[in-house]
1. In segment A:278-297, which residues are at the interface with chain B (Cβ under 7 Å from one of its Cβ atoms) and under 30 Å from A:Gly102 (Cβ atoms)?
2. Suppose we keep only residues that are closer than 24 Å to A:Ala104 by Cβ and among the acidic types (Asp, Glu) within segment B:49-108. Which one would you say is farthest from the other protein chains (Cβ to nearest Cβ)?
3. Looking at segment B:265-277, is at least one residue assigned to a helix (DSSP H, G or I), facing another protein chain (nearest Cβ under 8 Å) and in contact (Cβ under 8 Å) with a residue 12 or more places away in the chain?
4. Here's a check for you: in segment A:282-314, which residue that is acidic (Asp, Glu) and touching a residue at least 12 places away in the same chain (Cβ under 8 Å) is nearest to A:Met135 (Cα to Cα)?
5. Just checking, does segment A:255-270 include any residue being in contact with a His (Cβ under 8 Å, 6 or more places away or on another chain) and β-branched (Val, Ile, Thr)?
6. Quick one: is B:Ile18 within 18 Å of the chain's Cα centre (by Cα) and of a type in the set (Val, Ile, Thr)?
7. Within segment B:301-332, track down each residue that is touching a helix residue (DSSP H, G or I) at 6+ places or on another chain (Cβ under 6 Å) and farther than 21 Å from A:Gly231 by Cβ.
8. If the requirement is being surrounded by 21 or more Cβ atoms within 10 Å (Cβ to Cβ) and within 13 Å of chain B (Cβ to nearest Cβ), which of these qualifies: A:Asp253, A:Asp206, A:Asp178?
2 protein chains.
Amino acid sequence: MTAGNVSYDQLRDFIAGIYQAAGVPAADAGTVAGLMAQADVIGADGHGVFRLPQYIRRIRAGGMNPRAVPRVVEERPASALIDGDNGLGHLATSMAARTAIGKARTQGVAWCGVRNGNHAGPASLYARMVQEAGMIGLYLAVGSANHLPPWGGLELLLSTNPIAVAVPAGEEPPIVLDMATTVAAYGKVKVKAQRGEAMPEGWMIDHQGNPLTDPKRANEGLLLPIGGYKGYGLALIFGLLAGTLNGAAMGRDVVDFNADDTTVTNTGQAVLAIDIAAFGDPAEFRRSVDALSRDLRGSRRLPGVDRIWLPGEQSRLTRLKREAEGVPIPPALRSQLDALARDLGAAALAA
Amino acid sequence: MTAGNVSYDQLRDFIAGIYQAAGVPAADAGTVAGLMAQADVIGADGHGVFRLPQYIRRIRAGGMNPRAVPRVVEERPASALIDGDNGLGHLATSMAARTAIGKARTQGVAWCGVRNGNHAGPASLYARMVQEAGMIGLYLAVGSANHLPPWGGLELLLSTNPIAVAVPAGEEPPIVLDMATTVAAYGKVKVKAQRGEAMPEGWMIDHQGNPLTDPKRANEGLLLPIGGYKGYGLALIFGLLAGTLNGAAMGRDVVDFNADDTTVTNTGQAVLAIDIAAFGDPAEFRRSVDALSRDLRGSRRLPGVDRIWLPGEQSRLTRLKREAEGVPIPPALRSQLDALARDLGAAALAA
């Protein structure tokens with residue numbers, strides 16, 4: 001392991017210790033810590049341990065329930081609605097994924113929604129959970145802050161509502177798409193600001209509709225959806241499916257969880273599981289996915305393009321690297337995490 | 001009705017007569033004719049009666065089975081795979097929508113796939129069929145010709161694989177998204193060429209990666225996906241779900257049905273139905289969709305923007321206008337349809 005980096009186990013145990021010190025039962029602390037550490041291992045740096053201080057702040061401010069018990073409140077043979085009891089988002093959302101997998105095994109497909117949840121980390125986590133069970137997984141979420149206006153509008157009534165889909169392959173890596181419905185996720189704007197770099201045109205516009213490229217002025221700007229009105233349509237539809245359908249927040253009701261630690265967010269998510277065996281021979285399906293992956297990767301390229309990537313390949317390389325070398329923790333984050341551990345009387349993250 | 005226009009009934013009866021003359025059984029001819037006429041009424045001009053000469057050419061060339069009997073070949077309580085028997089695409093796809101609706105009523109959700117189908121018209125038709133049954137409908141299809149390379153690539157290995165989602169509302173119109181995963185659908189490029197207009201930058205690039213704006217050079221160009229690699233990912237995922245999962249054509253196997261009338265296309269589609277009642281009170285859901293629609297439509301606008309549209313509102317206005325005034329049939333298309341009727345000894349389209 002590279003010096004200064006931490007392993008998945010170290011990260012998971014640290015996060016679990018922090019949660020237990022904040023009043024989260026051990027089993028739940030372990031579940032959430034495992035998922036958050038996994039987010040860091042796959043390179044979703046803005047969605048793993050980076051979020052821990054914020055989650056703890058929210059628990060301590062009374063905005064999130066550390067002893068939540070998510071439960072199924074509506075159920076049919078191929079569907080369920082889970083109330084997250086305002087607990088850590090990972091609990092209800094992983095329960096939705098497990099429930100969908102179990103139901104799809106007999107029903108062919110299953111869809112499970114979440115309401116009264118919270119931010120649950122990177123979208124791909126839950127799609128991959130289904131894919132690791134040998135099925136096709138799809139995940140939708142209402143983002144935890146509105147940064148997107150309707151097409152032609154000025155008011156931030158929509159979030160960057162993401163979609164993730166994970167498709168099993170045979171010898172090739174699974175195909176894992178994880179994307180926001182905006183050209184750039186808001187986290188990328190923050191990174192540009194930190195680095196003092198300009199944003200490319202097409203990421204944001206100002207209130208006159210002109211391109212905005214200075215990331216320090218991001219709070220005066222509007223994110224642009226992919227494909228103009230098309231991305232607006234996708235953000236709206238994903239929000240209806242992950243939010244409105246479940247009785248979760250959508251539109252004006254979405255709480256900016258970066259700015260507000262106390263208001264219940266009522267975050268919504270949805271997981272779809274499709275059992276490949278309900279549509280034919282899974283081995284044949286996997287061979288077809290392999291052949292398609294190879295066709296795409298091996299096809300002729302535009303001048304100057306080194307490689308054609310399949311969705312999920314780059315984060316897979318990050319995962320393999322970090323499984324071998326550990327996860328780098330930037331110094332500013334490490335100081336925050338050390339302070340958090342001291343504050344809660346929990347064990348510090350291994351040096 | 002405006003002079004020269006034709007009504008839905010006239011269009012439907014004309015199309016049904018042509019199909020019967022080409023050997024399609026009366027009931028099937030009626031089903032497909034109704035859906036094709038509906039495509040024209042909602043303004044999907046490139047996907048309605050415009051396609052009739054091509055479909056008939058394919059039947060006569062032996063590439064499509066006029067007496068197809070689609071049937072369920074795989075089934076679970078919440079899923080089905082339908083083999084379209086290489087018939088008119090509308091038959092198997094509308095059967096998939098009906099099957100999904102029936103199953104979702106008891107199971108909560110249901111997903112039905114199609115293989116061995118054909119081009120089935122505009123995506124929104126099948127999502128709206130589910131929405132008209134009071135459910136949320138989602139439709140995916142593998143496009144019937146490849147116009148899109150993988151991101152960074154030159155080879156046309158993907159189609160503009162569309163998605164449609166239709167969501168019921170209460171007093172407001174349903175929200176109906178229907179979009180290709182490319183910035184512009186290929187039909188829009190053809191329209192620009194017909195009109196002698198340049199394409200905007202961002203629709204296509206040439207084989208050097210430079211913007212291509214002359215629509216007459218479209219055959220040297222590559223369509224661009226929405227959001228760059230994101231739209232590429234969506235086109236790939238939708239193709240995996242609508243094609244590969246069903247054992248239908250995807251990638252290199254996709255037959256260009258514009259250039260080839262004889263090779264079996266093995267087109268794939270998928271329909272998802274979600275019963276709103278499985279997730280709570282449908283009346284409350286409809287009120288929430290109404291409130292969201294009004295919030296978005298009534299929100300502040302960018303300078304110069306007259307109106308914020310919800311997905312599906314513009315095609316709804318077209319439908320209302322055409323229900324009142326009839327469907328305009330351009331002279332060149334009318335000549336083609338007249339020739340087709342003479343050729344088959346069928347009744348001509350009403351003048």
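1. Narrowing segment A:278-297 to residues at the interface with chain B (Cβ under 7 Å from one of its Cβ atoms): A:278-280, A:285, A:288-289, A:292, A:295-296.
The answer is A:Ala278, A:Phe279, A:Gly280, A:Phe285, A:Ser288, A:Val289, A:Leu292.
2. Checking each candidate, the answer is B:Asp83.
3. Start the filter on segment B:265-277 by keeping residues that are assigned to a helix (DSSP H, G or I), which leaves B:276-277.
Add one more test, that the residue is facing another protein chain (nearest Cβ under 8 Å), and what stays is B:276.
Pick out the ones that are also in contact (Cβ under 8 Å) with a residue 12 or more places away in the chain and you get B:276.
Yes, there is a match, as at least one residue in segment B:265-277 is assigned to a helix (DSSP H, G or I), facing another protein chain (nearest Cβ under 8 Å) and in contact (Cβ under 8 Å) with a residue 12 or more places away in the chain.
4. Of segment A:282-314, the ones acidic (Asp, Glu) are A:284, A:290, A:295, A:306, A:313.
Checking the rest, the ones that are also touching a residue at least 12 places away in the same chain (Cβ under 8 Å) come to A:290, A:313.
On the way: A:Asp290: 15, A:Glu313: 19 Å.
The extreme case among them is A:Asp290.
5. yes
6. Working: within 18 Å of the chain's Cα centre (by Cα): no; of a type in the set (Val, Ile, Thr): yes.
Here the answer is no, as B:Ile18 does not meet what is asked.
7. Step one: list which residues in segment B:301-332 are touching a helix residue (DSSP H, G or I) at 6+ places or on another chain (Cβ under 6 Å), which gives B:308, B:310-311, B:319, B:322, B:327.
B:Arg319, B:Arg322, B:Val327 - these are the residues of segment B:301-332 that are touching a helix residue (DSSP H, G or I) at 6+ places or on another chain (Cβ under 6 Å) and farther than 21 Å from A:Gly231 by Cβ.
8. Working: A:Asp253 fails: surrounded by 21 or more Cβ atoms within 10 Å (Cβ to Cβ); A:Asp206 fails: surrounded by 21 or more Cβ atoms within 10 Å (Cβ to Cβ).
Only one candidate passes the filter, namely A:Asp178.
The values are calculated or read from the model by the stated rules, or taken from the named source; none is laboratory data. Everything quoted here is computed from the prediction, not taken from an experiment. Don't worry about glycine lacking a Cβ; one is built from the backbone with ideal geometry, like all the others, and counts go over all protein chains shown.
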